[in-house]
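Taking it in order: structure first as structure tokens, then the write-up.
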Amino acid sequence: MQYFRSGALAGLALGVAVAAAPAGARAQEITLWTLNFANDSANQAFRSIIDQFQAANPGVTVKVENRGVDEHKSALRVAAGSDQAPDIFFSWAGLGLGGEYIKSGLAAPMDKYYAEYKWDDEFLPAALSFSRQYPGGRFGVPYTFHGEAVYYNKALFAKAGITSEPKTYAELLAAADRLAAAHIPAFTFGGTVNWHVMRLMDEILETECGAATHDALTNMKVSWATEPCATKSFEEFHKWTSKYFLKPFMGIDQSQSFNLFLAGRAAMMVEGDWLVGQLKGAGRLADYALFPFPTGTQRLYGFAEYDYISSKSKHPDIAAKFLDYLGSTPVQQAHLGDFGSISVNRFVKYTSSEPMDLAWQRIFAEYRSTFVNGDQAFPLAVTTEYFRVINQVASDRLAPKDAAAELQKFISSAK
Amino acid sequence: MRPRRMRLSVTAQGLVLLAPALLVYCGFAVYPMLDVALMSVMKWNGLTPTWRFVGPQNYVQAATIDPVFWVAFGNTLIWTAMSVVVPPLIGFALALGLNQNLPGRGPLRALFYLPVIIAPIAVATIWRWMYDPFFGLFNAALTAAGLSGLIQDWLGDRAVALYAMFIAYVWETVGFSMVLFLAGLQGVSRTLIEAARIDGAGRFATFRYVTLPALRPSITIVLILSIINSLKAFDIVYGMTQGGPAQSTQMLAMWAFTQAMQLGDFGRGAAVSMVLLVVTIAIVIPYLRWMLRRDATA
């Protein structure tokens, strides 16, 4: 019996020790929730960054959980209502998608870390601007920054007799006419993913309304129904969808649209800097070039992706330390191109001699301010209606002259 | 002395056996349903810890200011009407055919049942590719047959998208009806059929007065399951069109999900779910009662 007691005590002690060990490890564990990476180089880069951070910070473990977009949003909603939130979570910057989590209190203000790590000196000002959009402090830190522009097929432009890249909206229309005369559709878009066709509407709104009015419209400070440029934008948009699009387009998605672009079925696509990697992967980089959509406002169409520290994090200091490491110059320099063409770190040196990489560097250097995609500017419910109205116009189910009023009707009733 | 056995009445035994399942059912079905009913009169974005009572506002807004709700409602009814007729009819025809002594009957049954066991999202992906307007099977076949005038943007044209999606749904579900009808057909008494034949009944009369009445329970089950499955159609819509183009293929189940999980309006999503529940009950319960009454008097 004595042996039994001793054995039981020893077992109990061992059990306590075993149970305590992971608890100790967990004390230094931070969790990061992000999206599934689109390519393997990003996966490998992230793994390597985490390994190096852990090696430099003994006892700290960074656990990453990747999800698809919808699953990620759902997981964050569940996390917001429980105590199981991650220490760091990914979301887009801007009032729409990222702002939702800030408004709900899931994201913690990061002013203290901005001062401690001097992030204002480290990151690109345009990418940082989103962190100041919210009341109550600075939220999130840039993870990627993307610009969107018009990619074109050089051979198709030459075939249509277009000798220079359009510098104004009128020149872009003239180029589209020349392409149409040569029986070449100007643009390809995928209509099943609403945000793809939306890009053209966003660019036209910026062109027709100018920066201030465009912002006022997306911030819902002025009425779409009474702002003439909003209606004019829908009319212009309809002109493009009816005359210059590769058809049919409402039944295909963005990846199918890209395949058609590669197959030379249309001359242009509005895409982000990530397309450079895709063209490189397809071995077709030399066949294409790019130019910013000529809106005339000197604002770059683009968006930022941020990492936010959760208000429920038990280790916000370690989380901030990791984010500082992730955005630091050596790390960003070592992994340049893995997460996007452009780094969010302002000190990164670009050594690529690829014309398209150089074009993007020129664009990012030239443009001082940005305007974001419609789906990141509006609240989610209005975004859904914006998609619906755009698609109705694109599929000739809604007269362009009535579209702005239709959108305003929803905005007014939702307020 | 042998220990006394505890004796339970038949009712108590039944209750003991039912209790675990009933508990699980209450926890995972009844409670969530009540919770959704409660949520439908609340405002909640899924992020904040508190709900705000808004009364019938979510229902009123869905019915009056939501431009998609009635489209989804109408599509759900059209989809249900088609689902009650087309897959059961085809399934019934297949079952009749495959109930005969055909060579290769077993493999044929398996072949027609195969789509039922494929994950719905995979079915959606397969059909989405076949409907691709540029590289898809259908348009390529029409072009090859010299019928390029008939090619369509199958999932992009709102006039055809819902019906194109429904064809994929028929392909996916027809095997299910077929198997239930086959099971029913095998339960039809050979003696009755032979007696009818001896009495001079032709093939049609035998079918009309012997086979069909014997299949009534199978028909009831197939129709009720078809109604329920069609009312909650979600995965095929999610996988093929996401409700597009311009929300024209939206359905109530998908719209409830979109409102709650994508737009973060859980109150509105719950209200749409409740409408769907009421529609389902309004269709299924009277039909079930009518069929049961008819069976009782038969």
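Here are some notes:
- Verdict on A:Phe291 being surrounded by fewer than 22 Cβ atoms within 10 Å (Cβ to Cβ), among the aromatic types (Phe, Trp, Tyr) and within 14 Å of another protein chain (Cβ to nearest Cβ): no
- Any hit, region A:104-121, residues being surrounded by 22 or more Cβ atoms within 10 Å (Cβ to Cβ) and within 17 Å of the chain's Cα centre (by Cα): no
- Tallying residues that are within 11 Å of chain A (Cβ to nearest Cβ), assigned to a helix (DSSP H, G or I) and surrounded by fewer than 17 Cβ atoms within 10 Å (Cβ to Cβ) within region B:122-168 yields 1.
- Filter pass, A:Leu326 being in contact (Cβ under 8 Å) with a residue 12 or more places away in the chain, part of a helix (DSSP H, G or I), outside the structural domain of A:Ala211 (by TED's automatic domain parsing) and more than 14 Å from A:Leu124 (Cα to Cα): yes
- Taking the criterion of being in a helix (DSSP H, G or I), surrounded by fewer than 11 Cβ atoms within 10 Å (Cβ to Cβ) and more than 23 Å from the chain's Cα centre (by Cα), the residues of region B:94-121 that qualify are B:Gly106, B:Pro107.
- For region B:218-235, the criterion of being in contact (Cβ under 8 Å) with a residue 60 or more places away in the chain and within 14 Å of chain A (Cβ to nearest Cβ) is satisfied by at least one residue.
- Matching residues, region A:129-156, being crowded, with 23+ Cβ neighbours inside 10 Å and assigned to a helix (DSSP H, G or I): A:Phe130, A:Ser131
- Test: residue in region A:337-355 that is more than 27 Å from A:Asn43 (Cβ to Cβ) and either in a helix (DSSP H, G or I) or modelled with pLDDT under 90 (or both): yes
- Number of the exception - B:Leu276 against (1) touching a residue at least 24 places away in the same chain (Cβ under 8 Å); (2) surrounded by fewer than 18 Cβ atoms within 10 Å (Cβ to Cβ); (3) under 30 Å from B:Asp157 (Cα atoms): (2)
- Residue that is farthest from B:Asp157 (Cα to Cα), among those in region B:105-121 that are in contact (Cβ under 8 Å) with a residue 40 or more places away in the chain and more than 14 Å from every other protein chain (Cβ to nearest Cβ): B:Arg109
- Residues in region B:236-254 that are under 17 Å from A:Asn391 (Cβ atoms) and within 11 Å of chain A (Cβ to nearest Cβ): B:Met240, B:Thr241, B:Gln242, B:Gly243, B:Gly244, B:Pro245, B:Ala246, B:Gln247, B:Ser248, B:Thr249, B:Gln250.
- Of everything in region A:237-272 that is more than 10 Å from every other protein chain (Cβ to nearest Cβ) and modelled with pLDDT under 90, the residue that is surrounded by the fewest Cβ atoms within 10 Å (Cβ to Cβ) is A:Ser255.
- Selection of region B:184-208 for residues being surrounded by 13 or more Cβ atoms within 10 Å (Cβ to Cβ), in a helix (DSSP H, G or I) and not charged (D, E, K, R) yields B:Gly184, B:Leu185, B:Leu192, B:Ile193, B:Ala195, B:Ala196, B:Ala205, B:Thr206, B:Phe207.
- For the condition touching a helix residue (DSSP H, G or I) at 6+ places or on another chain (Cβ under 9 Å) and either modelled with pLDDT of 90 or more or not acidic (Asp, Glu) (or both), B:Gly156 does not qualify.
- Test: residue in region A:356-366 that is outside any loop (DSSP other than H, G, I, E, B), aromatic (Phe, Trp, Tyr), surrounded by 20 or more Cβ atoms within 10 Å (Cβ to Cβ) and within 14 Å of another protein chain (Cβ to nearest Cβ): no
- Number of the condition not met by A:Glu171 [criteria: (1) in a helix (DSSP H, G or I); (2) touching a Leu at 6+ places or on another chain (Cβ under 9 Å)]: (2)
The values are calculated or read from the model by the stated rules, or taken from the named source; none is laboratory data. Just so we're clear, the structure is a prediction, and the values are computed from it rather than from any experiment. Glycine also receives a Cβ, built like all others from the backbone with ideal geometry; neighbour counts cover every protein chain displayed.
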